Each structure stands twice: as structure tokens, then as C-alpha cells.
Amino acid sequence: RRSSDLSDIGAAPTAGSSNIVTTGALNSGSITSGFGSIDNGSSAITTTGVITGGTLEATADTSAGDNAAIGFTSAEGLILTGQGSTSDITVKNDADATVFTVPTGTDDLRFPDDAQIQMGASGDLVMYHNGSNSFIEDNGTGNFLITTNGNNITLMKNQAETMAVFKT
């Protein structure tokens, strides 16, 4: 046995040692600095506590059925997967308030009432719904332009009744 191996969970490792070898479960205490990587082959590392650290680097895609997973592919970049009963993904701010959600089974984004979508460095264009009314606000210095590749711009009520048609 090498002196850099730790085979007794009660023993203290030497600072900078690179191996931990256990004959039973490592279920209490902590692994602190001085160790290299932990390689457990294809097995999972499971904890009920909080995992803290610098950077989490995902190296594979997520799959359908993953409860809550972070993945990566070179084509898609960062991938978040969730399996909630109401929302698959919920993004919250530091006050624990919901910023937006991805409802379960959809590719929609849902924002709470009064949450704003702001575009431009100073929130020059704002879209939001206050629970009763919907707003699009142009707060910038230039013009508010609506363009189309078609011939007309049509404003409709309930996607069925024409309210106004702007023709070229």
C-alpha cells in the first residue's frame, strides 16, 4: 500500500495526497482541498446535501426522463432539463421570485404578471402584462417601427375579426 492512499476512513490523509481508497461507504465528514479528481468510473455520485464549488462542466446531453439535469452538446450549448408537474424549468431571482418558467411539456416561456421583457441597454423596448392589460412600450430615442415582408399589416381581435389593415 502506498502512503498516499487512505484505506481507513478514520485516518487523516496527508495534505496533497491524490487517492482515497475506502472499503466501505464514505458517508460522513468532507473531502477538502489537496485531492486531485475523484474518478468513480461510470457510477453516480449521490448526495442529499448542497454541492458547492467553482465551475460545473457538463460534458453530455440530457435525456427525456431526467429529473433535473444540466447537459451540453456542441450544437446546442448548455441544456437544462426538468420534469416538474407544472413547469419543467423555473428560473428564480435571488429573492426567490419566479422570473420565468417553461411549462411542462411545452416549448413556451411564461412570465408572471408585471414581469417585463426588456430589450436594449436601458430597457428601450418593454413588453409586459399586468394581469388585466398588455403593453408594448417604446422608451428609446428612435422611432418604433413595425415591418413586414408581406403586403399588409393587419390588427385583429381574437385572430378572427379584422380591426384595421395597413396596406402598402
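The values are calculated or read from the model by the stated rules, or taken from the named source; none is laboratory data. As the structure is a computational prediction, the values presented were derived from the model and not from experiment. In this analysis, Cβ positions are derived from the backbone assuming ideal geometry, glycine residues included, and neighbour counts consider all displayed protein chains. Remember, those area values only see protein heavy atoms, side chains included, never the ligands or the DNA or RNA. Shrake-Rupley method; radii C 1.70, N 1.55, O 1.52, S 1.80 Å.
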Fill in the blank from the handout: Projecting the Cα atoms of Ala160, Phe111, Thr98 onto the charge dipole of the range 58-168, where Lys and Arg contribute +1 and Asp and Glu -1 at Cβ, the residue farthest towards the positive end is Ala160
Handout entry: Solvent-accessible surface ranking, highest first, for Glu137, Glu76 at 1.4 angstrom
Key = Glu76, Glu137
Handout entry: C-alpha center-to-center spacing [the range 99-145, the range 36-65] in angstrom
Key = 35 Å
Problem - Whole-Hz ³J(HN,Hα) from phi, Karplus 6.51 cos²θ - 1.76 cosθ + 1.60, for the range 151-165, glycine and proline x - result: 8, 10, 10, 10, 9, 10, 9, 6, 6, 10, 10, 6, 9, 7, 10
Fill in the blank from the handout: Taking a probe of 1.4 Å and leaving out DNA, RNA and ligands, the range 48-168 shows per residue an accessible area in Å² of 81 Å²
Completion exercise
Semi-axes a, b, c in Å (a largest) for the range 35-168, each sqrt of 5 times a Cα gyration tensor eigenvalue, come to 42, 18, 17
Handout entry: Computed over the range 55-166: relative contact order in percent, which uses C-alpha pairs under 8 Å that are six or more apart
Key = 10 percent
Fill in the blank from the handout: Full extension between Ile89 and Leu145 adds, at 0.36 nm per residue less the Cα distance, a length in nm of 16.8 nm
Completion exercise
With every protein chain in place, the accessible area of Lys92 for a 1.4 Å probe, in Å² rounded to the nearest 10, comes to 100 Å²
Problem - Counted charge near Gln116, where neighbours are those whose Cβ lies closer than 13 Å (Asp, Glu -1; Lys, Arg +1) - result: -4
